[in-house]
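Enquirer: So that we are looking at the same thing, I have put the structure below in structure tokens.
The values are calculated or read from the model by the stated rules, or taken from the named source; none is laboratory data. Predicted model, so just to flag it, every value in this text is computed and none were measured. Cβ atoms come from the backbone with ideal geometry, glycine included; neighbour counts cover every protein chain shown.
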Amino acid sequence: MPVLGVSLGHVSLLRLDQTGGPAPGNKSFKLGHYFFEAKRLGIARLVSFGGVWSNHLHALAATGYQLGFETVGIIRGEPTEEPSAMLADARRWGMRLVYVSRQEYRQRHDIVYQQQLKERFAPCLLIPEGGASIGGARGCMAVADIIRQRAPLARHIVVPVGTGTTMAGLVAGLDESFKIDGISALKGAHDLAQRVQDLLPHLPHDNPASWQILHDYHCGGFARVNRSLREFMLTFEAIHGFELEPVYTGKMLLAIHQLRACGAWDKDAPVLAIHTGGLQGRRGYSWLS
Ligand SMILES: *Cc1c(COP(=O)(O)O)cnc(C)c1O
């Protein structure tokens, strides 16, 4: 059925938002490795970073609660009287919330800072922001298996990109008969291709899929929304009867929609778009409720 006059026929969605138990979407694929490692090492506490709407911390808190691990979230910003719905969930699941200044948060990739955190919360496993790591990307290779099983004919895959970890897992997990377009959720993050490239040598693969990252569909920047995204999402949801969120999946489908509308992509060529979840974050957008 057309959305705003352009058919989205031949676009199929892989609904990862319906997988992952307590943490639906791609984040559970990225976290699996860490819970496995923690268990193997006998470590009961996992620590990671995120903003007040972080899908990553939400998934970490939910999974930790379910599997019986302690979790600590290093939160960017000040505590507020009314915490975000994400933080309220995380707290309910027992995550210890540690607020840090933006300045301190900027050190999250710094090895010395990470060592301090490891000592402060010892014994613990420290997970990079967004689960962005080799282990995270390996976990996402399982999404490639799901594609082969559930959509064996699909060859053109589209996926939203934040850190590039999920994309790297797909590139390694699929083969050269596949073409993958990643839609960046960030404005001007031109290091993303390099981040994917840097992960690939660490992932088992023979002939990776061909891939590229498209940078023109951020709609103003990370987590920002413009009028075309708002209109597109509301129309899409009304027609198709299931939910997107504005940070990743809405922008990905808007990109597909626009690329078909302008003729850059063939309207009759099949596309498999990955719905990576993140629906908890809808609660941060009043126009969606
Ligand atoms: C985190 C996230 C992404 C981005 O995944 P990366 O592996 O960081 O590129 C995409 N979609 C949703 C819904 C997410 O929560």
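Enquirer: May I ask you to verify whether I75 is in contact with a Leu (Cβ under 7 Å, 6 or more places away or on another chain) and within 16 Å of the ligand (Cβ to nearest atom)?
Expert: no
Enquirer: Oh, and also: Specify the residue that is farthest from the ligand (Cβ to nearest atom); the eligible residues are those in segment 248-289 that are closer than 17 Å to R15 by Cβ and assigned to a loop (DSSP other than H, G, I, E, B).
Expert: Among them, the one singled out is P270.
Enquirer: Assuming A172 fulfils every condition listed in (1) among the aliphatic types (A, V, I, L, M); (2) in contact with a Pro (Cβ under 7 Å, 6 or more places away or on another chain); (3) near the ligand (Cβ under 10 Å from one of its atoms); (4) outside any strand (DSSP E or B) apart from one, which condition is it?
Expert: Single failed check for A172: (3).
Enquirer: Among residues belonging to segment 7-55 that are among the polar types (S, T, N, Q) and near the ligand (Cβ under 10 Å from one of its atoms), point out the one that is nearest to the chain's Cα centre (by Cα).
Expert: N26
Enquirer: Quick one: what pairs do we get from segment 226-237, first residue closer than 17 Å to L259 by Cα and assigned by TED's automatic domain parsing to the domain that holds D216, second of a type in the set (V, I, T) and at pLDDT below 95, C-beta under 9 Å, 6+ apart or different chains?
Expert: Correct list of pairs: F232/V3; F236/V3.
Enquirer: For segment 149-167, enumerate the residues that are in contact (Cβ under 8 Å) with a residue 12 or more places away in the chain and more than 8 Å from the ligand (Cβ to nearest atom).
Expert: Once the filter is applied, which keeps residues that are in contact (Cβ under 8 Å) with a residue 12 or more places away in the chain and more than 8 Å from the ligand (Cβ to nearest atom), segment 149-167 yields R150, A151, L153, A154, R155, H156, I157, V158.
Enquirer: In segment 29-43, what residues are touching a helix residue (DSSP H, G or I) at 6+ places or on another chain (Cβ under 7 Å) and either touching a residue at least 60 places away in the same chain (Cβ under 8 Å) or surrounded by fewer than 18 Cβ atoms within 10 Å (Cβ to Cβ) (or both)?
Expert: Once the filter is applied, which keeps residues that are touching a helix residue (DSSP H, G or I) at 6+ places or on another chain (Cβ under 7 Å) and either touching a residue at least 60 places away in the same chain (Cβ under 8 Å) or surrounded by fewer than 18 Cβ atoms within 10 Å (Cβ to Cβ) (or both), segment 29-43 yields F29, K30, L31, G32, H33, Y34.
Enquirer: Among the residues of segment 210-246, write down those that are of a type in the set (A, V, I, L, M, F, W, C) and closer than 25 Å to L170 by Cβ.
Expert: Listed by number, the residues that qualify are W211, I213, L214, C219, F222, A223, L229, F232, M233, F236, F242, L244.
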